[in-house]
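Let me begin by presenting the structure, written as structure tokens, before commenting on it.
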Amino acid sequence: MGMNGSTMLAPLRQGLPPIDPAAVSSSASCALPARFEAVRGARQFTRTTLRQWELSDRFDDVALVVSELVTNALRHALPTEALRETQEPPVRLHLMRWTNRLVCAVRDPSHDSPGTAGESDDAPFPDPSGAAESGRGLFLVDSFSDSWGWHPLAGSLHGKVVWALFRLA
């Protein structure tokens, strides 16, 4: 997970039952290039990681959420110049597993709230009816995960983390 892991995880604890640090069993992360093909790479990384953690039965829901979070980061959180090749990938996917929960977190360089970039409305779902051609990503994240949220990064990291939590049996 790298530097500032505690900064990233602190908001994940808000509103959740206490997480015993001894119960943390695994974490994995990968850097994603600023190309839409990175979504496929994120899904492959998720499949491999869940297989290693013996959570393959959760792949469909988790992969859908990972795809939406990564797509949102690439589409809405990157300046247009970042979509060209850069030295450091601007988006990072983190998967963290505890005994009874799994968290998918996507870090991006934007400070804008998910779903509100460039909009005056603070609602995370631009079209709650689900009839729009686009804009349903966060609705899907909300529907397929047990909870989700976001927070700005602190310290030397810039941007935000959007996360989704899955309870495990």
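Computed from the coordinates by the stated procedures, all read-outs in this text should not be read as laboratory data. It should be emphasised that the depicted structure is a prediction, and the values quoted were computed from it without experimental measurement. Note that each Cβ is placed from the backbone with ideal geometry, even for glycine, and that neighbours are counted across all protein chains shown.
Which length gain, in nm to one decimal place, applies between Asp142 and Arg58 when the Cα-Cα distance is subtracted from 0.36 nm times their residue separation?
Full extension from Asp142 to Arg58 adds 28.7 nm.
Label zone of Thr48 (point 7 Å out along Cα→Cβ, amide N under 15 Å): in segment 91-110 this covers 93-95.
What's the ranking of 93-102, 26-35 by average number of surrounding C-beta atoms within 10 Å, highest first?
Working: 93-102: 19.4, 26-35: 17.3.
Peptide ranking by packing, descending: 93-102, 26-35.
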